[in-house]
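A short write-up of the structure that comes next.
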Amino acid sequence: MRIERTVAMAHRKTPLRAGASREEVRSALDLAPKRYAALVARLVADGRIAERGSALAMPTHRPSLTAAQEAAWTRARAALAREPLQPPSATTLQQEFGIDRDVLMAVADRGDVVRVGTDGVFLPEAVQRFGDAILDALRDGPITVAKARDLTGSSRKHVLPLLQFLDDHGLTRRVGDDRVPIHDPATSHEQLHRAIHGDRARKRGD
């Protein structure tokens, strides 16, 4: 089927990506949305293609880095770990370690990093540490950017996208200059863990 051929071709062109964008595949084949959705659903049900988030993949496709890319990632990860809440940006990782967009997407897909904002790259444990600290502090009342910065020892440059990450995942809400919690502490901590590790847990279950 043309959908399978298109997905397989995408794997050959970009082997480090989890799959081909659903919309890119549909556009390439010029299929009407309803017909395309029905065809994809049938192929998934038959086990001929797999859904991975917003992407489509051949069931046997598993992105894997070359030995050289793994070595570069090991060096880059060490740099991220040196100051976990003030890590180098995606741009810096590319310039200094050769971690290009495709490699970064691959390590993010396998759960090694969390992308935050447009240029932020954090280790999962750093995002967990930041989120836990903010959620615990919110027990005592709203929190500002300045307080979050002082509490976590990070910088405004890094705190802003991390706070937005919490907002985007429904953990906090911005009210003026403050962040306030949306859920009770236990629910918030559980939801934070899912926001950071949920995609990886689902992939392992595929």
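Against the main long axis of the alpha-carbon atoms of the chain, helix 185-205 sits at an angle near 30°.
Please pull out the direction-averaged projected area of the stretch 63-109, using the convex hull of its alpha-carbon atoms, in nm² to one decimal place. Spelled out: convex hull of the Cα atoms, projected over all directions, averaged, 3.1 nm². When the alpha carbon gyration tensor of the chain is reduced to an equivalent ellipsoid, its three semi-axes come out at 35, 22, 14 angstrom, largest first.
Among Ser54, Ser188, the order of accessible area from largest down is Ser54, Ser188, computed with a 1.4 Å probe on protein heavy atoms. The residues of the chain expose, per residue, 55 Å² of accessible area to a 1.4 Å probe. Computed in the context of the full set of protein chains, the accessible area of the stretch 116-199 at 1.4 Å probe radius has 50% of its extent on carbon or sulfur. For the stretch 1-113, the alpha-carbon coordinates run over 50, 25, 21 Å along the three principal axes, in decreasing order.
Cβ-Cβ distance of Arg82 and Ala28, R₀ of 45 Å, FRET efficiency by 1/(1 + (r/R0)^6): the value works out to about 0.60.
Computed from Cα positions, the angle between helix 156-168 and the longest principal axis of the chain comes to roughly 60 degrees.
Averaged over residues, the count of other Cβ atoms within 10 Å places the peptides 170-176, 89-95 in the sequence 89-95, 170-176, highest first.
Once you keep just the Cα pairs under 8 angstrom separated by 6 or more residues, what percentage relative contact order results for the chain? Reported relative contact order: 16 percent.
Computed from Cα positions, the angle between helix 2-13 and the longest principal axis of the chain comes to roughly 60 degrees. For the stretch 118-183, the fraction of C-alpha pairs more than 15 angstrom apart is 45%.
The values are calculated or read from the model by the stated rules, or taken from the named source; none is laboratory data. Since the model is a prediction, treat every value here as computed from it, not as a measurement. Glycine also receives a Cβ, built like all others from the backbone with ideal geometry; neighbour counts cover every protein chain displayed. Ligands, DNA and RNA are stripped out before the accessible areas are found, and what is left, the full protein with its side chains, is counted by its heavy atoms. Shrake-Rupley method; radii C 1.70, N 1.55, O 1.52, S 1.80 Å.
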